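Before any comments, here is the structure.
The values are calculated or read from the model by the stated rules, or taken from the named source; none is laboratory data. For clarity, every value in this text was computed on a predicted model and none was experimentally measured. Here the Cβ positions follow ideal geometry from the backbone for every residue, glycine too, while neighbour counts run over all protein chains shown. Calculation scope for accessible area: heavy atoms of the full protein, side chains included, ligands and nucleic acids excluded. Shrake-Rupley method; radii C 1.70, N 1.55, O 1.52, S 1.80 Å.
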Amino acid sequence: MGDKAADASTAYKLSCTLNGKETEMETAPARKLLSILRDDLELTGTKRSCEIGRCGACMVLIDGKAVNSCLTMAYQCEGKSIDTVEGVSAGGIDPIQQAFLEEGGFQCGYCTPGMIISVKALLDGNPEPNDDEIAEALSGNICRCTGYGGIWRAVRLAAERRRQPS
């Protein structure tokens, strides 16, 4: 993991909002957000997998947009609002997570946090997605276990529930 904290000559103070809380830390500007989250802050819901932006296991929301944290450098987070899967469930289980549970949208569960983040970004911007929009939103996430049927059902159920009056 060669990008652990850098020496003082390359460190700078990163200020951002993480899961709703103002956060400041010293880190190297080119340090990967994935390493900061998992190694420094112990937010391990964001998964480390391919580390080249192809699988989506490390997906987080940055200013509401789904982003691969393995491709995001610390300096790119300055002043941004970052939400991890831990932040999504901070107030209890999120309706998207509940839909994944009910519809079997997971098997081993490794891709699930990234899927949850991608679905949240989709539904926050488009509460009534069609199949093409769902496919596009999930195109950055790979699941090697489920065959995607349960995932798609979970997305549709979560969207349906968001449209229903409380």
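Taking a cut-off of 18 Å, what percent of all Cα-Cα pairs in region 37-166 are separated by more than that?
Counting every Cα pair in region 37-166, those more than 18 Å apart make up 50 percent.
In whole percent, what relative contact order does the chain give with Cα contacts below 8 Å and a gap of six or more residues?
22
Report the accessible area of SER49, computed with a 1.4 Å probe over the heavy atoms of all protein chains in place, in Å² rounded to the nearest 10.
Counting only protein heavy atoms, the figure is 60 Å².
Put THR10, THR146 in order of accessible area, largest first, 1.4 Å probe: what do you get?
My answer, sorted largest first, is THR10, THR146.
How large is the translational diffusion coefficient of region 41-94 in µm² per second when you combine the Kirkwood radius over alpha carbon pairs with Stokes-Einstein at 4 °C and 1.567 mPa s?
D = 111 µm²/s.
As I understand it, the value is the acute angle between the Cα axis of helix 149-163 and the longest principal axis of the Cα atoms of the chain; what does it come to in degrees, rounded to 10?
90
How many nm is it between the label spots at MET25 and LEU101, if each spot is 7 Å from the Cα in line with the beta carbon?
2.8
For region 95-163, what are the per-bin percents of Cα-Cα distances with bins 5 Å wide, up to the bin holding the maximum?
3, 20, 34, 28, 12, 2, 0
State the number of lysine pairs found in the chain whose Cα atoms come within less than 23 Å, restricting to pairs 8 or more positions apart or on distinct chains.
So the count of such lysine pairs works out to 22.
Considering only protein heavy atoms and a probe of 1.4 Å, how much of the accessible area of the chain is carbon and sulfur, as a whole percent?
Exposed carbon and sulfur together represent 49 percent of the surface.
Can you tell me the length gained on complete extension of the stretch ARG144 to ASN130, counting 0.36 nm per residue apart and subtracting the Cα distance?
2.7 nm
How large is the translational diffusion coefficient of region 3-88 in µm² per second when you combine the Kirkwood radius over alpha carbon pairs with Stokes-Einstein at 4 °C and 1.567 mPa s?
Diffusion coefficient, whole number: 102 µm²/s.
Compare GLU102, GLU86, GLU22 by solvent-accessible area with a 1.4 Å probe and give them largest first, with all protein chains kept in place.
GLU22, GLU102, GLU86
Can you list the HN-Hα couplings for region 110-125, worked out from phi with the Karplus curve (6.51, -1.76, 1.60; θ = phi - 60°), rounded to whole Hz and with x for Gly and Pro?
The phi angles translate into 5, 7, 4, x, x, 4, 4, 4, 5, 5, 4, 4, 4, 5, 5, x Hz.
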